[in-house]
Every structure is written in C-alpha cells, then in structure tokens.
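Student: Before anything else, here's the structure in question.
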Amino acid sequence: MSTIILSQREWQVDDPPATAAAALVAAKTAATRRQVEPGPVLIVMPQATRPAGATPTEATMLARAGELAARAGVWLAGSAWVRATPDAAADDTPSIVAFVVGDDGNVRLRADKITPELVNGFVDGTCALGRPAPFSVIATPFGQIGLLPGEDVLHSTYARALVFHGAELILNPSLERADELFESRQAARFARAGDNACYVAVASPSSMQIDGVSLALPAATALYDWAGATVAARGAEDFVFPDFDLQALRRVRVNPHRSFPAIVRANTYAHGYQRAASAARAAGQIRPAPRTAQGWREEAQRRLDERTPRSRHARIEEQYEVLLVQECPRLIPLDRSIDARAIMLQNLEESLELAGSRANVPSVRVCVFPEFWLTGPGGIGGVSRTVDDMVRLSLTYPDPIFDRISQFAQRHKVYMAFQNFEVHPKLPGRVFNSAFLIDDSGNLLHTYRKNQCADVWGLLPDTTPGSVFAQYLDAFGTDALFPVADTPLGRLANMICFDNMIPEVAQSLRRA
C-alpha cells in the first residue's frame, strides 16, 4: 500500500541532512500507522526557499535530496533554484528544477520549470520557456508520475501533455502567495485534475524566512482528484496526509464517459499549436528566455503589446450589455408525421418575442440563445436520434429562419449568437452541431462547428471537425476550425455546451 504525504515545511538545499531527515521520518511514521500494510511513502516538498547567498548547482541539490530520501527511507519530490555548473565565470543564470528521487537516493525524474516566476514577482533568473519540453513521466509505486513545478500547473496544455505521456499523478511543488489571483490558481489546480482524470498533488510552504523574519503564507497544499474531491491543508500544519487510491483512478480512466483525455479531439488542437509555433518561428518570436528581472519585465510588455488585437474598426464599443435568453422550447418528437419545421418556427417566434422585450434597450448589443433553442434536446426518453432524424432538425444557410433572425438583429441593432444542427453541401451526409454569429446589420459573420460533441460517446450521430479532419480542412480551410469575428464590440467567438469542459477549445479560440 503506497502513501503520499504533502509537506508544508520550508526547506533549503543546505539544511542539515540529519535535522531535515528527522522531520521526514516522523511524517513517515505517522503515515505508516494509518496503513493496513506498510508500503512505500512519497513526500512532496514545496519549492525550496531561494538562498540569500550562492545558488547551489543542480548536481549538489540532487545529491542532497537523494541523501535526504535515503536517510528517511522515502521517495522525495520537490523543486529548487539551481545553477547548471560550479563555474562562477560562466553565464550560469539560476533556474528552477523539479525532481523525484527514490528511497534509495537515486534521481528518477527531473524537469525544468517552463514558466517564469509570476506569483512571487520577476527575479534575476531564467526558465525553460521557448525550449522543447519532453514532459517525461516515470513509473513508480505511486503510479505514473509527472512534474509541473510552480506556475507550470496553471497551463492546461502542459498537464495534457503529461497525461498524454501516461501521467496519473502530477506533482506541483510551489511557493504560493496571497494575492487577488490566489483563488484562481487554486481553481486551476482543481481543474487540472478534472480535465485530465488524474491526481494533482500541490505542496507549498506555510511560512518562509526573509531577512531573518518569518512570514506566514496562505494554505495552498492539497491533493486534488478527478472527481472534485480535495484534501487540503487547514492551516500551518507541517504535513498533510491525504488518502490516495490509484486503482480507483485507473478504473475511472477505462470509462470514456468519465475520462476527458480519452475524448479530446487531439488532432484538431495539435494542428493549431503547430501553426502557431511555425508562425512564431517565422516571425522571430521564439527567443531565449530572459535572465534578469528587468529582462522579464520587458518581455512581458512586449508580449502584451503583440497580443493586444488591432481592430480594423474606427469606432470601438468598450461597454455594453449581453442578453442571455432562457426560453422553454417545444421538443420535436421522433414521429416523422409531425411537421418539424412548424415547431421550429414556433420556437423561433416565441424566443424572439421573449428576447425582444429586452433587446430594445439601447445598451444591449448581443443576444445569446441556448443550444437546442429551436428543436429541443437532441435525444428524447433516452433514445438517440438517427442522422435522418437530425436532418429534419437541421438548417442550411441561407434559409428563411436565418432571414428572420437577421431581421431581428437589424431591428434591435444587436449581434445574435445561436445554435442549431446544420447540413452543408460541401460535406453531404454529415450533420454538424453548429453555432452562428450574425451582426447588427443582419450579416452572417461566421459558423463554428462544435468540436467536442456527444458523438464521442455514441449519443448523437453528428459529425465534428476532428472526426473528419482532413475532409473538413479540404472543404472549409483551417480558419473555419476556430472562427473569430473582429467587431466594434471586440473579437467575438462561439463555443457550444460541452466544448466548455475541454480547455483546448477556449485556448484555440483565444489564439485565433
């Protein structure tokens, strides 16, 4: 039976080994008393406090971590500021390296921190930003382990890469602070576990010494699981002892209904990442990471300037209201003798009447309608619709329904975002779950076709771009995967329902 312990004890690489090992042994003893059968123990330590003097070399840090693990008889993980070589004359800028060492003292895994120090402010130091990352994973008694130190865990793409390499447990040694984004960072860690059907183990110190003064830090240490359960520090306790059930995780992962990585349309998103990387290389935007605090500030400002969209519109509306319309549509039965079109038109008119009671307010500039607002839900009574059933409910642009929506948009001077099943002559025999954006002049700006739909579970016989990827690109081109409209209201995009559960969708739209 394996056990995981999360440490909140501040540590430095040059701590006396005997003293540091004694605390780990005490934690191990406390943990093994809870075990039915004693087994291996993994202790996850926070990011080590950066020394005031000379930064240790990576070799020194790993050797001391190995000695500590061997003395205590535990597996040990953490991260620390290190230099690459002992040569003081070399350009040996410090960076953060995370590690896992076995209970025999041997290094099993190391990973460079990719992101700079954002939580604790820019410092003189560098990171692996802009360099290829292996996202290595190792097999251990605690499952397949990967490392994402510090802010790296906030990036869903990094966690996804580890999981695609087999990670079941992501370790996140950190040094947290209380600021306006603290809760958001905790939510991101919670989301990484749910996004990837994995455990995320976070260790952050409860206090740290700065110039001889002890400063209390927020309780950020926690173990998150795939189902939303969290075992977290309650205060300044030295160690947290969460339950850890690797077999339960593995049972979940064989069920695609509960394992998001199994249903991600990876080819769709990888295509966008490759395009973005190629464009960045061509534009000379991939440069070595800065090495000083001032260099990081300049890099941050440069990125802000580059990523601020340049609108083609002379007049920009920076403040307006969005109308979210909650109507109750009539469900279209499977009975083919019933006129589906008539019900769709009735749903349309009732929804527009409801929206019109508020859309006439001048500050309202966008109206958003729910999925299935014209047809009712895609299945009824647990019975899935066939392709022919869905064709009955589908639209092809142009269509009188689009004309009616365009008239509403022009009358009220609003943008209209809405969904419906769609068939398109370029891919006959396919039904897409599509979202449309119409501007305040009644023009169709773009069509977004849902990337993460119920077809992955066999619940709807619809088509997604990722399921016919090559044909989709041939028919519509790359830009149709994640369309974004540049408008006086800003850059507007659609995504539909379950797309919200897959972070790659929002990231791809943001990048577009």
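The values are calculated or read from the model by the stated rules, or taken from the named source; none is laboratory data. These figures come from a predicted structure and were not determined experimentally. Virtual Cβ from ideal backbone geometry, glycine too; neighbours counted across all protein chains shown. The protein model used for the area step is the full one, side chains on, heavy atoms only, and it has no ligands, DNA or RNA in it. Shrake-Rupley method; radii C 1.70, N 1.55, O 1.52, S 1.80 Å.
Student: For the stretch 216-235, what are the residues that are part of a strand (DSSP E or B) and open to solvent by less than 70 Å² (accessible area, probe 1.4 Å)?
Tutor: A222, L223, Y224, T230, V231, A232
Student: With respect to D486, determine if the residue is part of a helix (DSSP H, G or I) and among the acidic types (D, E).
Tutor: Answer is no for this residue.
Student: Output the residues belonging to the stretch 109-143 that are touching a helix residue (DSSP H, G or I) at 6+ places or on another chain (Cβ under 9 Å) and in a strand (DSSP E or B).
Tutor: R110, A111, G143
Student: What are the residues in the stretch 6-22 that are closer than 22 Å to N106 by Cβ, in contact with a strand residue (DSSP E or B) (Cβ under 9 Å, 6 or more places away or on another chain) and among the aliphatic types (A, V, I, L, M), if any?
Tutor: Matches in the stretch 6-22: V13 only.
Student: Name the residues in the stretch 172-194 that are surrounded by 15 or more Cβ atoms within 10 Å (Cβ to Cβ), aliphatic (A, V, I, L, M) and within 16 Å of the chain's Cα centre (by Cα), would you?
Tutor: A188, A191, A193 - these are the residues of the stretch 172-194 that are surrounded by 15 or more Cβ atoms within 10 Å (Cβ to Cβ), aliphatic (A, V, I, L, M) and within 16 Å of the chain's Cα centre (by Cα).
Student: Further question on the same structure: Among the numbered criteria (1) open to solvent by 70 Å² or more (accessible area, probe 1.4 Å); (2) within 28 Å of the chain's Cα centre (by Cα); (3) at pLDDT 95 or above, which one does C367 miss?
Tutor: (1)
Student: Could you check I401 against (1) crowded, with 20+ Cβ neighbours inside 10 Å; (2) out of contact with any Phe, Trp or Tyr (no Cβ under 9 Å at 6 or more places or on another chain); (3) β-branched (V, I, T) and say which number it fails?
Tutor: Unmet condition: (1).
Student: Would you check which residues across the stretch 271-297 are modelled with pLDDT of 90 or more and surrounded by 12 or more Cβ atoms within 10 Å (Cβ to Cβ) and list them?
Tutor: The answer is A289, P290, R291, T292, A293, G295, W296, R297.
Student: Next up: Restricting to the stretch 84-105, give me the number of residues that are at pLDDT below 95 and open to solvent by 40 Å² or more (accessible area, probe 1.4 Å).
Tutor: Adding up the residues that qualify gives 8.
Student: Counting only residues that are in contact with an Asp or Glu (Cβ under 9 Å, 6 or more places away or on another chain) and open to solvent by 40 Å² or more (accessible area, probe 1.4 Å), which one in the stretch 460-512 is modelled with the lowest pLDDT?
Tutor: Once the filter is applied, the top-ranked residue is A512.
Student: Quick check, is P261 touching a residue at least 24 places away in the same chain (Cβ under 8 Å) and not in a helix (DSSP H, G or I)?
Tutor: Judged against the criteria, P261 is not a match.
Student: Out of all the residues in the stretch 10-55, which are modelled with pLDDT of 90 or more and touching a Lys or Arg at 6+ places or on another chain (Cβ under 7 Å)?
Tutor: V13, A21, A23, V41, T55
Student: Please go through the stretch 144-158 and give me each residue that is in a helix (DSSP H, G or I) and either within 22 Å of P51 (Cα to Cα) or of a type in the set (D, E) (or both), ordered by number.
Tutor: G150, E151, D152
Student: Go through (1) under 23 Å from the mean Cα position of the chain (by Cα); (2) modelled with pLDDT of 90 or more and name the single condition S259 misses.
Tutor: Every condition holds for S259 apart from (2).
Student: Residues in the stretch 318-348 that are more than 30 Å from the chain's Cα centre (by Cα) and not small (G, A, S): how many?
Tutor: Of the residues in that region, 19 qualify.
Student: Next question. Test R250 against the stated conditions and say whether it is touching an Asp or Glu at 6+ places or on another chain (Cβ under 9 Å) and not in a strand (DSSP E or B).
Tutor: Yes, satisfied.
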